[in-house]
Amino acid sequence: MRRILYFILFCMTGAVSAQAQFLKVDDNSRTYYVNKPIPGQSRDAQGVDYLLLHELYTGTLLPDMHVYGKITGIRGGMAALGRKWTMEVNTSSANNSTRGSMISYNEASRLVTLVYNSKSYLAIEIANSSSLSAFSFTGYANGETLQLVTGAQVTGVAAFTAFEPIVMQGNVSIGSSSSVARLDIAGGPFWTDYSWKKSIKLYDASAIEFAGGTRSFGLGASGANLYFSHVNSNGTGIPNYFIIADGNTGNVSIGGTAPAANYKLAVEGTLGARRIKVVQNGWPDYVFHPEYQLPSLHEVEQFVKKEKHLEGIPSEKEVAENGLDLGDINHQLLKKVEELTLYIIQLNKNVESLNQKVADQQKTITVLQQK
């Protein structure tokens, strides 16, 4: 009885046409489909397939084309566990732009642009997984294509950039957690068998921003690098990047651009620390060994006159061009201190010898004066 009443209501509000497998309602200049079949099935782990939604704006003005609603497909059959693939889409190519967003369930999917039979389309990419069939669409559509094609039939596949937000008002819980946090994700992350069990996964060129007051903190990935930024929340100012480079190097940069390949840590600015420990493979105590050839002061004088810096110590030009290696410069400075120590010891011996000679001469003079 209830179904009859619903049918009567449809007839009163618009033109209703019942076809073999779906209901089509035309009203308010819109066409609403219920369970409209989409022929074909995706392949079973043989490649990526695509479901064409409608044509794409590519510079030539278009009539209105829309697909607003739910698309479903079935995986499995009589001898296998059935599972429904569900895609909620909100897409449109109208006049001079293409907009769209989507939510998928059970199977990995995304919106893409591609070329099929020399025409550009907005499409749903269906992952290389178990075969899906019995596709159907329920919702509002106009100028729709709704055709299943294989990856071999299309070219120029590219991810579609969606600008429309998908909003869920209220707290969101994922993984059956009971926390009252705005976003609560149960499970992970933890490390197991050389792989992360993930709670949240962001793909290349994705980012998270935490805004507070007039400043914001951002975390994002681009290419092989992971970026941390702290800038004005209105987008102004210069980002103070903390960058972790490609995992193959593990290099880190603070306050500058991407780390250079030859630096594990690069800091653009002043580095403050209570203690810094530099591990050295050698130390210049060999200066005190008997076999060490201590340069003569005459040799030191000649080198300084010619080079205008101590031997083994970088010149002003070298420091300006290459900077300083703290471990190496401390090694060389200690070597000079130890050499100076030897010079002082030798000079002290010479002074003591001269003092002794002067004392002996003074005694001789005193004796001669007494005669």
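Some points to look at:
- Hits in the stretch 29-40 (condition: more than 22 Å from Glu107 (Cα to Cα) and in a strand (DSSP E or B)): Arg30, Thr31, Tyr32, Tyr33, Val34
- Subset of the stretch 317-371 (residues that are open to solvent by less than 80 Å² (accessible area, probe 1.4 Å) and among the small types (Gly, Ala, Ser)): Gly323, Gly327, Ser353, Ala359
- Boolean, Arg43 is assigned to a loop (DSSP other than H, G, I, E, B) and open to solvent by 30 Å² or more (accessible area, probe 1.4 Å): yes
- Phe137 satisfies every condition listed in (1) closer than 16 Å to Met65 by Cα; (2) open to solvent by 20 Å² or more (accessible area, probe 1.4 Å) except (2).
- Listing of strands (runs of 3 or more DSSP E) fully contained in the stretch 57-173 that carry 1 or more residues being without any contact (Cβ under 8 Å) to a residue 60 or more places away in the chain, over 21 Å from Gln46 (Cα atoms) and over 31 Å from the mean Cα position of the chain (by Cα): 62-75, 83-95
- Scanning the stretch 279-296 turns up at least one residue that is of a type outside the set (A, V, I, L, M), open to solvent by less than 80 Å² (accessible area, probe 1.4 Å) and under 30 Å from Gly256 (Cα atoms).
- Qualifying residue in the stretch 120-128 (condition: closer than 18 Å to Ile166 by Cα and buried (at least 17 other Cβ atoms within 10 Å of the Cβ)): yes
- Residue match in the stretch 40-47 (condition: touching an Asp or Glu at 6+ places or on another chain (Cβ under 9 Å), under 20 Å from Gln153 (Cβ atoms), at pLDDT 95 or above and not small (Gly, Ala, Ser)): no
The values are calculated or read from the model by the stated rules, or taken from the named source; none is laboratory data. Note that the structure is a prediction, hence the values are computed from the model and not measured. Neighbour counts are summed over all protein chains in view; Cβ atoms, including those assigned to glycine, are modelled from backbone coordinates with ideal geometry. For accessibility, only protein heavy atoms count, side chains too; no ligands or nucleic acids. Shrake-Rupley method; radii C 1.70, N 1.55, O 1.52, S 1.80 Å.
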